[in-house]
Amino acid sequence: EAMAHHLTEALEEINRNWNTQKGDAVVKQCAEDVVYQDPFLPQAIKGREAVAQYLNGLFTAFPDFTIVNRGKVVEGDEAVLRNDVVRATMKGPIRTPQGQTIPPTHKSFSGEYAVVLSFDSHQKVKNFHIFGDSLGIFRQLGLPPP
């Protein structure tokens, strides 16, 4: 019960930091060897430094990236969230893992996403996996799929 309460607080803080576009603050809540995956990425990235760099790039591209949590299930050291991306407007460039730069389209995407997190014994995020429709995102943004 106590664990679930701590995790709920941690999850609310992650959402807050995401909605204020603070990549470094999101990463402070992660373990050193965190593994992160989302619909923009062809494969997972590992380690706090890489994730911080990635999130800061994401928030540069989408400075209004806003999520609303519609529900969560917390079980042991894992949580599943149902998040709506309410708004994310591409106002800055995206750097692809292949080193290309995609210029901003000034279009937005929105949609519903599942977020699965697992935590270590210090309530730090070990795994951060966002599931959603990547083709839908690229289509809404007017970008070719990766």
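Quick notes on this one:
- Among the listed pairs LYS22/LYS126; LYS46/LYS91; LYS72/LYS126; LYS22/LYS46; LYS72/LYS124, those with a Cα-Cα distance over 22 Å are LYS46/LYS91.
- Estimated vicinal HN-Hα couplings, Hz - segment 103-118 in sequence order (Karplus 6.51, -1.76, 1.60; Gly, Pro = x): x, x, 9, 6, 9, 10, 10, 8, x, 10, 9, 9, 10, 10, 10, 10
- Accessible-area composition of the chain, carbon plus sulfur, in percent [1.4 Å probe]: 52 percent
- With the highest mean first, a sort of the peptides 3-12, 25-34, 94-103 on other beta-carbon atoms found within 10 angstrom per residue produces 25-34, 3-12, 94-103.
- Solvent-accessible area per residue in the chain equals 54 Å², computed with a 1.4 angstrom probe and all protein chains kept.
- When the charge dipole of the chain is built from unit charges on Cβ atoms (+1 for Lys and Arg, -1 for Asp and Glu) and taken about the Cα centre, the candidate among VAL74, SER110, THR89 whose Cα reaches farthest toward its positive end is THR89.
- Interchain or long-range residues, amide H under 5 Å from LYS126's placed H: ALA31, SER118, PHE119, ASP120
- Kirkwood Rh, angstrom, the chain [1 / mean 1/r, Cα pairs]: 15.5 Å
- Per-pair calculated FRET efficiency, R0 = 30 Å: ALA114 and ALA50 via Cβ, rounded to 0.05: 0.85
The values are calculated or read from the model by the stated rules, or taken from the named source; none is laboratory data. Here the structure is a predicted model, which is why all the values come from computation and not from measurement. With ideal geometry, Cβ positions are generated from the backbone for all residues, glycine too; neighbour counts draw on all protein chains shown. For accessibility, only protein heavy atoms count, side chains too; no ligands or nucleic acids. Shrake-Rupley method; radii C 1.70, N 1.55, O 1.52, S 1.80 Å.
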